[in-house]
1. Going residue by residue through the range A:205-215, is there one that turns out to be surrounded by fewer than 23 Cβ atoms within 10 Å (Cβ to Cβ), touching a residue at least 24 places away in the same chain (Cβ under 8 Å), of a type outside the set (D, E, K, R) and under 16 Å from A:LEU174 (Cβ atoms)?
2. Just checking, does the range A:99-120 include any residue being aromatic (Phe, Trp, Tyr), part of a loop (DSSP other than H, G, I, E, B) and in contact (Cβ under 8 Å) with a residue 24 or more places away in the chain?
3. Any chance you could count how many residues in the range B:186-211 are surrounded by fewer than 16 Cβ atoms within 10 Å (Cβ to Cβ) and either within 19 Å of B:LEU161 (Cα to Cα) or of a type in the set (Ser, Thr, Tyr) (or both)?
4. Pull up the range B:146-158, narrow it to residues that are more than 10 Å from chain A (Cβ to nearest Cβ) and touching a residue at least 40 places away in the same chain (Cβ under 8 Å), then point me to the one that is nearest to the chain's Cα centre (by Cα).
5. Which one of the conditions (1) in contact (Cβ under 8 Å) with a residue 40 or more places away in the chain; (2) assigned to a helix (DSSP H, G or I) does A:PRO417 fail to meet, given that it meets all the rest?
6. Report, by residue number, each residue of the range B:87-141 that is in contact with a Pro (Cβ under 7 Å, 6 or more places away or on another chain), within 12 Å of chain A (Cβ to nearest Cβ) and of a type in the set (S, T, N, Q).
7. Among (1) more than 16 Å from A:ALA379 (Cα to Cα); (2) within 24 Å of the chain's Cα centre (by Cα), there is one condition A:ALA469 misses while meeting the rest; what is its number?
8. Scanning the range A:254-288 for residues that are among the β-branched types (Val, Ile, Thr) and under 16 Å from A:MET307 (Cα atoms), which turns out modelled with the lowest pLDDT?
Amino acid sequence: MTFSLALVVGAIALAGCSGLPGLFCPRPGRWGQKAATWLVVLAAVAGIGGAAVALAGETTATWHGIALDALSAWFLVPVFLLGALGSVYGESYWPQASHPVNGRRLRLFWGWLMAGMGLLLIARHGVVFLVGWETMALTAFFVIATEDEQATVRSSAWAYLVATHLGTLSLFSLFALLRKATGSFALRPLTVDEAGIGLLTAMFLLALVGFGLKAGIMPLHFWLPGAHANAPSHVSAFLSGVLIKMGVYGLVRILGLLPAPPVAWGVLLLAAGVASALGGVLFAIAQHDLKRLLAYHSVENIGIIVMGLGLAVLGRATGHPDWVLLGLAGCLLHVWNHSLFKGLLFLAAGAVVHATGTREIDALGGLGRRMPWTAAFFATGAVAICGLPPLNGFVSELLIYLGLLRTATVPATPVWPLAALSAPALAMVGALAVACFVKVFGAVFLGLGRTPVTEQAHEAAPDMRGAMAVLAAFCLLIGLAPGWIAPLLSQACACASPGTQTGTALASLAPFAWLSAANGALLILLGIGVAVSLRLLRRHPVRRPGTWDCGYAQPTARIQYTASSFAQFLSSIFGWLFRAHVDRPRVTGAFPAASRFASHVPDLVLDRCLLPMARTVERWLGTFRRLQQGLAQSYLLYILVAVLAMLVCTMPLGEIIKRWFCR
Amino acid sequence: MTSLLDSMLVMVLVLNLFALGSSRLRAVIQVVALQGALLGVMPLVVHQHISPAAAGVSLATVLLKAIVIPTMLMRALREAQIKREVEPLIGLLPSMILGAAATGFAMVFASGLPLADEHTAALLVPASLATVLVGFILLITRTKAISQVIGYLVLENGIFLFGMLLVEAMPLVVEMGVLLDLFVGVFVICIIVNHINRAFASLDTRRLAELKE
């Protein structure tokens, strides 16, 4: 066991134990929480240290089914970073004093969740992997269900549990097939003659379903919005930033083991990615719940990540190492970026929820003046998630764009139209994301407060702001200096797809230096622009008239543009997809009575397909309930009928009849 | 020897029908005790030579099935102060006819079975199947807890009869184990009978359906 692996294992153990001291501390005291936070931070320092060694290029030998390489390390970094920042943030967001009952439980499972993820990332043996996977899956259920006294939280947690068990079921099948092919549970690359294309495709599809359920690829995302919206915000940040990435890790890892992928796999991944990205961002636009909206953006970003992965698989199938490298680099970098900016956005949203007590976008407004720091951090995250320069989202999306556009230059392959058409799809996703975040930022932070809850809003506590600042700084850093990340990224890409060129190739494919220069210049221009406008603002103070102040005698803040009205244009274009429940009042007469308008967009998969289907099946199975009366006699009758039926089946009827009819 | 065995088996079958047709619990318990005694003697008839072990099993069976268990049931009956099964789920005559049909079915079925030669002669297999089926019918159609115990005993008698086929092969321990199981089962049920009586002021097992969620 090398030093780096020992560091990571120690970090996992520390994280796993972090919640334990709190169990022995008195409930109202804050020492349990302090101890947990410090242990998690210590674990993060050790874990990121170990991961850094591996990212520098050291690959350890397998030791009792665990090992560390650059790919594992790449995913370990967000686990520990967001784990620690979430803990620090939780000090003020979920203090033990105000959550005496579920605070200790939350921190215990938080540590275990980190440990489970760490274990599955370093696992090189199917059983070890599944132990880590299930630890993660089950503890995630408990952290989602933190506020289990609320019915919506419980139902979201159950939906998650069903989804994760479905995923685990297909992972069990996957590892069984892997063992059938290789003869052991060790995760090692297969050779071409070990498994036929049928078996390999079965393994690929099982991996896609099992890991896709966790990652939240579009038709399999049904648990994700509810779970993210109803968990405490730092948990949402951790789930969205890290947990769903474990699905991506699983896919990348398993695809790295399967030899010679056919073109169809890449096409399927690319199509799933496009569907997920477009569907995610469209449904995000239709949401009224701040955290639910962010959750749909996770679906969108997972789609972008899967598009990168699909491109890489296409490259492997058609023999284009440059596609592989650009696709994988975009995929992996976007994993980091998404955990940074989505973590940031969820933490900022959490600060809003903490300050106002509501997640309803149309109940907020004008928070920018009361919470300037939170507004600035949210804006940073929003710019990054939209893939706009000069922040990090632009860099990873640029890599995927470059890769997708390269496919158009090689028209000989049968799939180039699809791959090339994905680039405009990605551009559309970016545009829709901008629309969505303009809507959110405008409705939540600008204008006037729509309800009284906005009036007592307060700025986030210093440790909450600190956690957000770290994430925002990383977003800016990756945007400004992608060249620094490139060597680490190349190492991870090399691990993810053995057999393709590394190192210098990535730098020659993507113009990192130009990118840095352009982003830096943009940032300077932006700074000048802000400075100038601030100066102008100071010279010409802003007059604040009422909304629609043109003759109406009694204006209120409620007649501002709402988020729904802002999104109405897009919602009406995609109305066929959303099928919103609209509760439209009928206004009649000269003096109509007071009435309400409400609209709600149900989830396409969960609310429109799965739940109706489940209800039908339940009704159908309900007829069998008549058989269970609680009466011993009727149960015995069933046994008798079964025994008689079996006896009659074994009876040699032909023989008996022959004997009776013989003459 | 076969004719003696066959006549004993016919006796067992007749007792089955009696158990189905009588509503007086006391009489039914006595019938089952008699059936148990017949069954206890039967290994000695089947065995050509009498070993001490076989004699021991025989003795234990008679003791348990003909004396101990009926006594316990009688006591439970006395304590619960009931005399007859008043409301079987189907009438006494229909259940008797069902029992006869089951006996006929057992005969037909056994005639089609590929049995070893030494077993085809005696009525052992059809009688055991018929007794099991009658036990089932008793269990299904009766509602009083005591009648359920009786049905269970008849069912067990049928299985015991089937075990007679293997009397050469079955070790002593298995026989004793089965007897012990039976004893413990009936013992526990007799205690439960008391509790049901106290909780529901009746021995009707249908009241137990209230316990389901």
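1. Looking through the range A:205-215, at least one residue is surrounded by fewer than 23 Cβ atoms within 10 Å (Cβ to Cβ), touching a residue at least 24 places away in the same chain (Cβ under 8 Å), of a type outside the set (D, E, K, R) and under 16 Å from A:LEU174 (Cβ atoms).
2. Scanning the range A:99-120 turns up no residue that is aromatic (Phe, Trp, Tyr), part of a loop (DSSP other than H, G, I, E, B) and in contact (Cβ under 8 Å) with a residue 24 or more places away in the chain.
3. The qualifying residues number 1.
4. Here the residue is B:VAL154.
5. A:PRO417 satisfies all of (1) in contact (Cβ under 8 Å) with a residue 40 or more places away in the chain; (2) assigned to a helix (DSSP H, G or I) except (1).
6. The initial filter retains those residues of the range B:87-141 that are in contact with a Pro (Cβ under 7 Å, 6 or more places away or on another chain), namely B:95, B:106-107, B:110, B:112, B:141.
Imposing the further condition that a residue be within 12 Å of chain A (Cβ to nearest Cβ) reduces the set to B:106-107, B:110, B:112, B:141.
Selection gives B:THR141 alone.
7. Looking at each condition in turn, A:ALA469 falls short on (1).
8. Result: A:VAL263.
The values are calculated or read from the model by the stated rules, or taken from the named source; none is laboratory data. Not measured: the values here are computed from a predicted model. A quick note on method: Cβ atoms are made from the backbone with ideal geometry, for glycine too, and the neighbour counts reach across all protein chains shown.
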